[in-house]
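Structure first, then comments.
Each reported figure results from applying straightforward, stated rules to the coordinates on display, with no laboratory input. Please read these numbers as outputs of a predicted model, since none were measured by experiment. Virtual Cβ from ideal backbone geometry, glycine too; neighbours counted across all protein chains shown.
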Amino acid sequence: MNFVRLWILFSMVLVSAGWILSAIHQLNRAGYAVFLLPLVIFVFVRWNKTGQHAGQMVHRWRCKLAKRFRRRPPQLFLLIAVLSFAGGGWYPPLNFDANAYRLPRVMHWLAAGQWHWIHTFDARMNISACGMEWLSAPLILFTRSDRLLFLINLVSYLMLPGMLYSVFTHLCVRPRAAWWWTWLLSAGLCFALQAGGIANDTFAVIYSLAAVDLALRAREKQCVADLWLSLLAAALLTGAKQSNLPLAPLWLIAAWPARSLLWQNPLRSVAVALVALLISAVPISVINYHYLGSWMPVDVPGIATLGKFQLNPFWGIVGNALSLPVQNLVPPFYTLFPPLHSYWPLLWNDWMRQFAGTPMGAHFASFERFGFLTEAYYRGVTEANAGIGFWVCVMVLATGRALRRWRKTNGLPAQMAPASSVILWLRWTPWALLVVFMAKNGAFENARQLAPYYPFLFVAWLARPGQSSVTRDRAWQQLALAGMVIAALLVATAPERPLFPAQTLSRLAHSHFPGSDFVEDEFLHYAESGYCQMAARRDYLRDHVPTGESMIGYYDKLFAADEAGLWLPYGRRQVYSVMPDESPDALRRAGAHFVVVDASSALATDGTIDHWLRRFNATVVGQYTFPLSTAKPSDLPGLYLTQLL
């Protein structure tokens with residue numbers, strides 16, 4: 001728990017440093033050094049107060065880890081963590097959203113020495129919450145690389161089991177049931193698959209769990225410091241992603257009985273509250289209102305093109321009641337079932353497309369691709385689309401069946417000690433907050449955005465009598481372990497970070513079994529997947545964009561996720577986002593002599609790439625063609641490196 005407290009303080013320092021250094025135009029190494037020095041001194045002083053030497057601490061941790069990882073579930077969790085570390089360390093970060101807008105926005109801020117409203121078509125660079133970005137900025141700044149950014153998710157993942165167990169037991173889940181479900185939920189696909197990447201959905205689950213757990217501890221121990229930390233954790237949770245805002249009432253429920261502690265030191269409490277406002281969603285909400293007249297604008301260019309997102313609350317709930325279960329029930333390995341793999345997802349999307357054209361389907365037009373499965377689903381689940389996962393859903397069904405058998409054998413359970421009103425509120429309020437989420441969130445693949453919600457949705461069910469008895473069943477335990485093994489296999493075979501020579505084996509299999517649909521799908525999955533294409537485009541831009549150019553233009557209105565590659569090597573170049581109505585003179589005034597053009601965007605706005613070239617008086621000096629394109633040879637989608645004449 002001490003490590004969680006330190007992580008909250010560390011996150012608080014980095015997020016507040018981002019905003020404060022931006023305000024004084026000092027978002028640079030010297031500014032961060034000034035901010036981080038007090039934290040280093042604090043940790044050093046606290047460590048000295050413990051009176052333990054480094055050798056003693058290592059020995060104590062070695063004994064603790066040896067005891068904790070004696071059983072199979074912790075060992076499988078450790079395997080998932082090790083595989084995540086290997087994948088994250090070996091591969092560049094290829095998360096689509098991160099490359100499309102989160103990494104570029106950090107580079108824009110660092111180049112300017114402050115947060116600023118970015119000149120870009122992609123509104124997400126400006127209106128989205130900045131929690132993950134403020135944690136990433138100093139890593140990029142000091143290392144001039146994005147290869148260590150996965151550590152943010154990995155460190156959060158390592159803290160997940162302890163926080164889950166603590167929250168479950170505080171909310172009166174029996175220890176045995178809490179222990180098993182702690183490891184099972186830690187292997188949930190959204191958590192396991194994002195542990196080695198830079199997606200920003202799951203790292204905030206530590207903040208949500210810590211906000212509730214520390215508030216409950218503050219009441220038990222009458223410790224105001226824990227209450228302050230719980231407030232900071234709740235603020236960090238909302239600052240990580242706007243979709244986490246509905247979870248804020250959970251902190252209020254947990255902290256309400258301990259509210260009198262705040263008056264023990266009112267001045268410090270006010271100071272902590274002000275810091276909490278700074279690291280929460282408040283700054284970005286105020287900025288959005290200032291520039292666009294709404295705390296969370298979703299009808300502006302660059303967002304409205306993805307979907308209207310102005311949900312009718314009733315139809316939002318109805319629509320998500322279908323789409324969220326579909327996303328969570330997708331089998332993890334479609335390739336194990338070739339007929340299902342080859343036809344069912346395509347048929348499903350075709351049904352959804354036809355349904356959208358009916359009078360009933362018109363109610364869901366505000367969703368972003370309502371009910372669709374992504375192309376990645378045709379071959380398996382990835383970090384970009386995973387919810388809690390198919391196997392956890394299977395375990396819920398298996399546990400429900402086992403509970404019915406247990407009640408038939410043992411009869412009605414004895415009257416349990418009544419839970420306090422706070423515990424009851426914390427058990428059931430998450431379901432009301434889920435309804436709020438469903439009423440407002442029509443984003444595509446929003447099952448992964450529910451990551452901070454999932455643990456709380458299980459509490460009321462796990463607190464039911466008989467859960468501990470069910471976990472004693474040998475068959476149930478084997479089923480749970482099988483789910484964790486599947487999660488580990490998915491981490492090892494993830495298309496963005498395969499831990500085996502995937503492309504080599506895919507090419508060999510493709511050459512030896514040319515008529516096999518199964519092999520053909522696997523070849524495309526690993527040798528020519530979207531992640532491979534993104535990595536190939538990164539390499540192309542690194543090798544072909546002139547190294548002496550300090551400013552490069554980039555034209556993309558369809559979110560092709562290539563701008564991050566243009567910033568490489570970090571700290572030596574800037575990127576100018578070209579708007580659809582941009583003039584050539586504006587580009588020249590910005591200092592850009594070369595422009596990387598996403599061909600699909602040029603085709604969408606100008607009809608042909610030649611028209612775009614004439615409009616900007618430019619010529620093509622290089623071209624990267626997408627290998628999976630089915631367009632005409634003369635207009636193959638890809639990237640054009642152009643030079644302004």
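Defining a contact as two alpha carbons under 8 Å apart and six or more residues distant in sequence, what relative contact order in percent does the chain show?
Values: 953 pairs, mean separation 108.7, N = 645.
So the answer I get is 17 percent.
Report D for segment 534-644 in µm² per second (integer): Stokes-Einstein, Kirkwood Rh on Cα pairs, 10 °C, 1.306 mPa s.
114
Residues in segment 351-375 near a label at residue 322, defined as backbone nitrogen under 18 Å from the 7 Å Cα→Cβ point?
Within reach of a label on residue 322: 351-374.
With contacts defined as alpha carbon pairs under 8 Å and 6 or more residues apart, what's the relative contact order of segment 534-644 in percent?
26
For the chain, what is the percent of antiparallel DSSP beta bridges, rounded to the nearest 5? Intermediate results must be reported in sequence, preceding the final value.
Numbers: 12 of 21 bridges.
Here the antiparallel bridges make up roughly 55 percent for the chain.
Rank these for me by crowding, 20, 552, going from fewest to most other beta carbons within 10 Å.
20, 552
Mind counting lysine pairs for me in the chain? Cα separation below 24 Å, and the two need to be 8 or more apart along the chain or on different chains.
Here the count comes out as 8.
Taking other Cβ within 10 Å of each residue's Cβ, how do 109, 461, 19 sort, fewest first?
On the way: 109 23, 461 15, 19 18.
Arranged by neighbour count, lowest to highest, 109, 461, 19 become 461, 19, 109.
May I ask you to list, by number, the DSSP H helices of the chain whose Cα span along the axis is at least 18 Å and whose average Kyte-Doolittle hydropathy reaches 0.5 or more?
On the way: long enough: 2-23 (32 Å, 1.60); 29-50 (31 Å, 1.06); 54-68 (21 Å, -0.89); 72-90 (27 Å, 1.00); 131-143 (19 Å, 1.12); 150-170 (30 Å, 1.32); 205-221 (24 Å, 0.56); 224-240 (24 Å, 1.75); 266-279 (20 Å, 2.20); 313-329 (24 Å, 0.75); 338-356 (28 Å, -0.52); 390-410 (30 Å, 0.10); 421-440 (28 Å, 1.32); 474-492 (27 Å, 1.47); 530-544 (21 Å, -1.23).
Membrane-span-like by this rule: 2-23, 29-50, 72-90, 131-143, 150-170, 205-221, 224-240, 266-279, 313-329, 421-440, 474-492.
Would you give the gap between the C-alpha center of segment 115-155 and the C-alpha center of segment 225-278, rounded to a whole Å?
Their Cα centres are 24 Å away from one another.
Which of 605, 642, 374 has the fewest other C-beta atoms within 10 Å, and how do the rest follow up to the most?
605, 374, 642
Obtain the radius of gyration and the Kirkwood radius of the chain from its C-alpha atoms and give Rg over Rh.
0.97
Out of all DSSP beta bridges with both ends in segment 534-644, state the antiparallel percent to the nearest 5.
55
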